[in-house]
1. Could you order peptides 392-398, 214-220, 308-314, 379-385 by the average number of other Cβ atoms within 10 Å of their residues, highest first?
2. For the stretch 21-67, what size does the Cα cloud have along each of its three principal axes, sorted from largest down, in whole Å?
3. Starting from the eigenvalues of the Cα gyration tensor, five times each then square-rooted, give me the equivalent ellipsoid semi-axes of the stretch 263-422, largest first, whole Å.
4. Can you give the alpha-carbon Rg of the stretch 1-138 over 2.2 N^0.38 Å, where N counts its residues?
5. Nearest 0.05, what FRET efficiency do Gln147 and Asp224 give at R0 = 45 Å with Cβ-Cβ as r?
6. If you wrap a convex hull around the Cα atoms of the stretch 334-448, how much volume per residue is inside, in Å³?
7. Once phi is turned into θ = phi - 60°, what whole-Hz ³J(HN,Hα) does the Karplus curve with 6.51, -1.76 and 1.60 give for every residue of the stretch 408-421, x standing for Gly and Pro?
8. Can you pull the Rg over Rh of the chain, Cα-only, Kirkwood?
Amino acid sequence: MEVVLLGETSKEYIEKQAKIIASAGKLSRFDGDVLKIYENLTGNFEENIKFIKRVIKMGHDSITDHDYVVFALKDVSILVEQIIIEQRFSSFTIKSRREVDFSNVGYYVPDFHNQENQIVEMNQELQTIYKKHMNMLFSEYHNLTEQGIKVEDARYILPYSFHSNIIMGLDAHSLKDLIISLTKGKNSNITELRELGEKLYDIMKDRASYIQDAIDQSKQKNKDAVEEFLNQIMFDRYQWLQDEHLDTTLLLSSTKKIDETIFISAIMKTFGYSYEKSFELYQTYLNGNEKSRKELKSKLMKLILKEQEALKNINFSFQIPISLANLTHLTRHRTVELLIPDFVPIKDLKRYKAPKSIINSGYHLEKIFEQNQELYNMFKNIGVRDEDLVYFYLSGNMLNVVANMDGKTLSHILRLRCCNKAQWEIRNIANEMRSLVTDESKYFSNILGPTCETEGICYEGKESCGKIKKLICKSNNEN
């Protein structure tokens, strides 16, 4: 693993950033406009750092949002990538596993510890067995691509140990929280995550020293209190819950009267009326079964699609069975609030998503997952802790996540993911989400989907699937 700070790192730049943050700390409590406060800040670098630390200690961390840092993370495992994205601390750019061949990217090799966090006596022997298994998986991945299987499908057998490379950007406030999570939270139990946190901490001491005290003084929370409590009262009794599998996406909850809420929200935003007054106007001018009212609502909903704001007042909660290979396609939408099951303890390595292209090729996919499960069981029976065995997750393994989002985010996701150019698994999930919402609304559901259907335009250009031409021909024939 290599962690490199990108961008400006000179002493002058760091001192300037400290002056900006110190100015933000003084702005809310001192007389004068923002430029005067910044220009008249007379303290030297050490004084500014001292002042910033004092403000942070008072609980006003937001002033550190004004300092932004960018890191290059070289050869970290896909597990690190997923944890970073899931926690929403940073912006990121990664290599596309739909486009890039990962045959030779390498993988992470952990030391194997027992439950007391001591390296087991058989560590070197276990590492040899682990490497042989990982090499086999990468070899099988390469064989699949050689047989003509697309890399986006072949990746389903890649282990969660394979190397990723990331450009990660975040403000200093988020950097502080990320370092605490990786070095003192439950993620610190996974060696690679803790090592990343320690490397970020070492860089931070020079680049953003004003957050060091807050990190040092934060309390260790490397155990999940909720997890411990729930295990005490129900784990022994309900172990069967670990094997519960979802077959399709579920709509757990949504705003009642979706269409009505959107229309009333649009009236409230436009005129600034109360809900009661806006509801009255909706009933008077829009509601009803007459053809003209239906046409008005259809036209208004299409206009709302372009403006988006009224869609923020409706909300949806979905439970989604998704493979680890495609989890990133969901987590990258930062306005989605996600509930993702913990990777530790490991619950189920037997359940996986199988790409049709691999099934149709006659490839022995089930044997790969069975062999992976058997090796995990062997390591587990020896006494190796799950924190070191997370790398036995294969990208095709499934888990159930809960995604919460407003109507604007749902519209954006389905705009991208219902497109025929989207990856097949996430496209199926998106179409399931759209179908579920269709059962709950009429006008909102009509603006959900790819732009060729909702806007009559395709933004893929020369890479278009061609559906837009068929829709245009169909529309011309109907007219």
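1. Top of the packing list down: 392-398, 308-314, 379-385, 214-220.
2. Result, largest extent first: 25, 20, 18 Å.
3. 48, 19, 11
4. That works out to 1.60 for the stretch 1-138.
5. 0.55
6. So the per-residue hull volume is 127 Å³.
7. Each residue of the stretch 408-421 in turn: 5, 5, 4, 4, 5, 4, 5, 4, 8, 8, 7, 5, 5, 7 Hz.
8. 1.01
Bear in mind that the values in this text are calculations on the coordinates, not laboratory data. This is a predicted model, so every value here is computed, not measured. Reconstructed Cβ throughout: ideal geometry from the backbone, glycine too, with neighbour counts over all protein chains shown.
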